[in-house]
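For reference, the structure is listed below as structure tokens.
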């Protein structure tokens, strides 16, 4: 049997297993919006752990991580640095958000924000901006899946076909089973990603250099600039500390605020499950160590891959690995892509219907669920066609997406923790933040210290939110009472 | 340990971590040697902060849980 046929066979088995798990998962869900969007708030620790890990780490981490380590060296360590910072605040915020959700019926982030700051325009604005951030993110996932399949099958399965099949399956299980499919397939995909990353990350340096230490000794002798922060920029010139540091900060804030992750707080069975998920998250995150080792292993290869993002498939094909290992690697990369893509598609449909359409036209529960399914298809198709365009600078778009979602942080924190905040303050702050971020995105030369536009947006947003809130009338006691249960007298 | 102390320590750990992995806290540790477990120090440093977050958060959780149990009992 030809090598690529065998590899394709492994991919087919993996995809079939994912489809079966996804379809079986939805059988127990109730036919309601809470069932489709929040899984009837039933996820236990095992599922929450893998949903969180596999959703956070997408094909950007699995393919882009080694690509960055290979071409930009220590710059890649930013991906390592932000995860815990973005996740840990959920130890406190998560149970709070979940409690409000149970009591006031929220299933999305915008519902929580507008529950405290009632405004239909605000709700629609959040839905629109979420969608703007989601589409490029889904597009990257779809493209990543297509690239990997094309590479490991020596081009016998072209990008358009691989991406179509992989995401056709994602769309089927999201349509049928909603968030329960996302939960159970992510558990399967998360285990796959972690096991394969560790296995390959330890195996490749050992096979090529005789160990991790010897590998870094050789890199330190030949390319020492790759091993110290802030590493290199995309063009291979030294990167700046300002860009490195603010990328960590904006990624941490953005991670905290991505609506598809935030919404998972509503799916947990109970508060202790949420807290344990946060405590254990760093153990999942450490799988980035072997991911970077894979990239560093390629640094001293005599031949260069066609572009840095394909370092992983390139090395897999150029190190005479057994076909079984190549097939499993591909399944791991597909896991990383699909486990993020499914959550994104599901969340974007939920957000547009719940926070956009439903604010203006009252829909019954059944119509909402039908409309969500239509939107899953529409978003998936849009992202698929964008993914086929090789000219699109997706990494750039994703960096922008973090600029957009990081602006949700002040409204969320104000809703949860600041009684004096007002609707006018939150709306004007958000608009000011987005305008600032957008301005610096289109005029990168004007950024002070090469800071990320998302951080600059936050620096403008926070004072505007505070000033306008203080200048407008405080919310009524009874309205606040629903959000802030009476403090204990202790 | 009281709840306040535990929250303060956990919060302080996270803030210290944010400083330690960005400018200027990262600068003194952005170096190749000493290598730890085969990794350059610049790589080991952020990884160690991540790994240490697990016992820190676990410790916080123990105190928080005891406090909640006491409240209900």
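Computed from label points 7 Å out along Cα-Cβ, the spacing between residue B:1 and residue A:479 is 4.0 nm. Return the calculated 222 nm mean residue ellipticity for chain B, to the nearest 500 deg cm²/dmol, obtained by summing -39500 (n - 2.57) across DSSP H runs with n ≥ 4 and dividing by the residue count. The helix-only estimate for chain B comes to -24500 deg cm²/dmol at 222 nm. Using the Cβ-Cβ distance between residue A:467 and residue A:381 with R0 set to 51 Å, the FRET efficiency works out to roughly 0.75. Could you work out how far the C-alpha centroid of the range A:257-299 sits from that of the range A:214-249, in angstrom? First find each Cα centre; the distance between them is then 24 Å. Here is the tail figure for chain A: Cα pairs spaced more than 35 Å apart come to 31 percent of all pairs. Summary value for the range A:119-254: 8 percent relative contact order, contacts being C-alpha pairs under 8 angstrom separated by 6+ residues. With both labels modelled 7 Å from their Cα along Cα-to-Cβ, the residue A:217 to residue A:360 distance reads 6.7 nm.
Taking only C-alpha pairs under 8 Å that are 6+ residues apart, what is the relative contact order of chain A in percent? The partial results should precede the final answer.
Working: 790 pairs, mean separation 149.3, N = 490.
In percent, rounded to a whole number, it is 30.
Paramagnetic label reach from residue A:418 (point 7 Å along Cα→Cβ; backbone nitrogen cut-off under 14 Å): within the range A:82-117, residues A:117. If the chain linking residue A:156 and residue A:317 were pulled fully straight, counting 0.36 nm for each residue of separation and taking away their Cα-Cα distance, it would gain 56.5 nm. For the pair the range A:1-16 and the range A:461-478, the centres of their Cα atoms are 59 angstrom apart. Computed from label points 7 Å out along Cα-Cβ, the spacing between residue B:67 and residue A:283 is 2.4 nm. The range B:18-49 and the range A:37-58 have Cα centres spaced 31 Å apart.
Please give the residues of the range A:171-202, grouped as numeric ranges, whose backbone N is less than 12 Å from a label point set 7 Å along the Cα-to-Cβ vector of residue A:28. Taking a point 7 Å out along Cα→Cβ of residue A:28, the residues of the range A:171-202 whose backbone N falls under 12 Å are A:180-181, A:184. In chain A, helices alone account for a calculated mean residue ellipticity at 222 nm of -23500 deg cm²/dmol, with every DSSP H run of four or more residues adding -39,500 (n - 2.57). Taking 0.36 nm per residue of separation and subtracting the Cα-Cα distance, full extension of the segment from residue A:233 to residue A:121 would add 36.4 nm.
Just so you know, all these numbers are worked out from the coordinates, no wet-lab data involved. Quick caveat, the model's predicted, so the values are computed rather than measured. We place every Cβ from the backbone using ideal geometry, glycine too, and count neighbours over all the protein chains shown.
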